[in-house]
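The values are calculated or read from the model by the stated rules, or taken from the named source; none is laboratory data. Being a predicted model, the structure only gives us computed values, none of them experimental. No Cβ is skipped: glycine too gets one built from the backbone with ideal geometry, and neighbour counts run over all protein chains shown. All accessible areas refer to the heavy atoms of the entire protein, side chains included, with ligands and DNA or RNA removed. Shrake-Rupley method; radii C 1.70, N 1.55, O 1.52, S 1.80 Å.
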Amino acid sequence: MIKMTDKKVALITGAGQGIGEAIAKRLHNDGFRVALVGRTLAKVERVAKEINADGGEAFAIAADVSKREEVFAAVDEATKHFGDFNVIVNNAGVAPTTPIDTVTPEILNDTLAINLGGVIWGIQAASAKFKELGHGGKIINASSQAGQVGNPNLTVYGATKFAIRGVTQTTAKELAEFNITVNAYCPGIVKTPMMNDIAQQVADNAGKPFEWGMEQFSKDIALGRLSEPEDVAACVAYLAGPDSDYMTGQSLLIDGGMVFS
Ligand code: NAP
């Protein structure tokens, strides 16, 4: 049983739908107070409302994670609102479908700014806040199975997700002395708006139906089913909680058995 005074504060980016929404609800169920950050305020407000209606403490904040000052402002706002700050989940991301001959400077720069920049600003803002508050904390970043092996049509996205594993290792070593851990989660094929869009575009490019597009990604899952967002949220709950205190710099695969390493 968690006492109110033990309730930690977690900020989750991209919490208005998909995996981020599931993480926010799971951390609420695990006794966290949660700050929900997203590009579209109405989306994070809907999730916050549901958590508050369930007896939780959720607070919605609009911010674009590719903008360093907006990420710092979101961390400040969450800390002022709740009076503490303990965990950041750098979950927000975008996944353009990019067969190699379609990559443009705009797609490359925009995707790097959100997926990689957003994680770096989140790590900076959170670690600065933990140090200011005089305690450690946990930083959790969204990578992917596509950050472990190359996925056709995802050159740009995959590059950002490989990079996030590198940033996770590097900052884990830099921040360990401050009792700050940095880990990542690598989902497989999760039933979210993002995955539906990718499957649809791959199918459209090949002139095939949506189911064929999804099959290209899901056919090699050992456990024989697509991932629910809650499967990933369970992994993040472990990384956010005390059971992972002795883990840092790791990128955990939670993919139903797609990548084995
Ligand atoms: P999703 O359904 O597209 O949701 C992503 C959320 O991130 C959206 O609510 C979006 O907000 C927000 N977002 C995007 N860009 C943002 C920005 N610049 N600033 C603030 N918020 C922003 O994606 P998902 O499938 O839940 O994926 C979540 C994370 O898991 C991503 O990092 C993704 O790469 C990773 N992942 C997903 C899968 C999968 O199969 N779905 C697999 C591996 C890894 P708006 O809607 O307001 O734009």
Exercise. Give the number of residues within the range 194-240 that are open to solvent by 30 Å² or more (accessible area, probe 1.4 Å), part of a loop (DSSP other than H, G, I, E, B) and in contact with a strand residue (DSSP E or B) (Cβ under 9 Å, 6 or more places away or on another chain).
Key: 2
Quiz item: In the range 27-44, how many residues are away from the ligand (no atom under 11 Å from the Cβ) and not aromatic (Phe, Trp, Tyr)?
Solution: 8
Practice problem: Give the residues of the range 206-238 that are under 30 Å from Val87 (Cβ atoms) and hydroxyl-bearing (Ser, Thr, Tyr), sorted by residue number. | Solution: Ser227, Tyr238
Self-check item: Residues within the range 75-96 that are among the β-branched types (Val, Ile, Thr), open to solvent by less than 20 Å² (accessible area, probe 1.4 Å) and within 14 Å of the ligand (Cβ to nearest atom), tallied
Solution: 3
Practice problem: Select, from Ile51, Ile19, Ile12, Ile2, the only residue that is open to solvent by less than 10 Å² (accessible area, probe 1.4 Å) and either under 19 Å from Met195 (Cβ atoms) or modelled with pLDDT under 95 (or both). | Solution: Ile12
Quiz prompt | Only listed residue being open to solvent by 10 Å² or more (accessible area, probe 1.4 Å), in a strand (DSSP E or B) and away from the ligand (no atom under 12 Å from the Cβ), chosen from Phe72, Phe59 | solution = Phe59
Quiz item: How about the range 159-197: which of its residues are over 20 Å from Glu230 (Cα atoms) and near the ligand (Cβ under 10 Å from one of its atoms)?
Solution: Thr160, Lys161, Ile164
Quiz item: Is there a residue in the range 175-185 that is open to solvent by 10 Å² or more (accessible area, probe 1.4 Å), part of a helix (DSSP H, G or I) and either within 18 Å of Phe217 (Cβ to Cβ) or at pLDDT below 95 (or both)?
Solution: no
Exercise. Scan the range 9-19 and give yes if some residue there is away from the ligand (no atom under 13 Å from the Cβ) and closer than 23 Å to Ile254 by Cα, otherwise no.
Key: yes
Practice problem: Among the candidates Ile107, Ile140, Ile114, Ile100, single out the residue that is of a type outside the set (Ser, Thr, Tyr) and within 10 Å of the ligand (Cβ to nearest atom). | Solution: Ile114
